[in-house]
1. Identify, by number, the condition in (1) free of Cβ contacts under 8 Å to residues at least 24 places away in the same chain; (2) crowded, with 16+ Cβ neighbours inside 10 Å; (3) assigned to a loop (DSSP other than H, G, I, E, B) that residue 120 doesn't meet.
2. Could you list, in sequence order, the residues of the range 92-104 that are over 18 Å from residue 137 (Cβ atoms) and touching a residue at least 24 places away in the same chain (Cβ under 8 Å)?
3. Tell me, yes or no, whether the range 50-72 has at least one residue that is farther than 19 Å from residue 140 by Cα, under 13 Å from the mean Cα position of the chain (by Cα) and in a loop (DSSP other than H, G, I, E, B).
4. Which one of these is modelled with pLDDT under 55 and in contact with a strand residue (DSSP E or B) (Cβ under 6 Å, 6 or more places away or on another chain): 53, 58, 27?
């Protein structure tokens, strides 16, 4: 077999393996994930953050929010119910050299979002004004006003102020409908099929990047042949 043939065969094998992995990665009939989402203030409204609190470095006068909820993905994520109002949250905290002030909103969600056997704290949502170093992150601001925090081995934020006590971004299964059941109101049969047990858009986009790298490798091998 030629070098070009071996490279093409490797790409085909890798493609099949990747697609199988993507299919296996998505839980069957998954309704969503129960996790803490991270938000940033933008023109007085909450916007889903494009990076995690451990790497985000908000400026003095910023407002950040955290919401615990059951969500399908970032587009479906539930916003904190308290407004991102820096002026109100940090009204009594003055400026100090070498530090910055960050308004922090923590929304523990609803009883429907809570894991089995747990109940959201009654003082939800709660707010606090964090004074942290100028180089501090969103995670530093959160730790200053809502400790203790709980992280998993991959540094994913799992618990804020002790809630929830256990679990971390676990998938929540969507019970299969009874025989003869129809799609829920507002959901077309086609949409119900699309929301089945196929891989998520994020996984497919990531898979496409891997396949693009493989295609580039074949192209290079052809040039060298």
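The values are calculated or read from the model by the stated rules, or taken from the named source; none is laboratory data. These numbers were taken from a predicted model, which means no experiment stands behind them. Note that each Cβ is placed from the backbone with ideal geometry, even for glycine, and that neighbours are counted across all protein chains shown.
1. (1)
2. Residues of the range 92-104 over 18 Å from residue 137 (Cβ atoms): 92-97.
Of everything in the range 92-104, those that are over 18 Å from residue 137 (Cβ atoms) and touching a residue at least 24 places away in the same chain (Cβ under 8 Å) turn out to be 92, 93, 95, 96.
3. Scanning the range 50-72, I find at least one residue that is farther than 19 Å from residue 140 by Cα, under 13 Å from the mean Cα position of the chain (by Cα) and in a loop (DSSP other than H, G, I, E, B), so the answer is yes.
4. 27
Here's the yes/no breakdown for (1) surrounded by 18 or more Cβ atoms within 10 Å (Cβ to Cβ); (2) on the phi > 0 side of the Ramachandran plot; (3) at pLDDT 95 or above:
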site	(1), (2), (3)
135	no, no, yes
144	no, no, yes
165	no, no, yes
175	no, no, no
180	no, yes, no
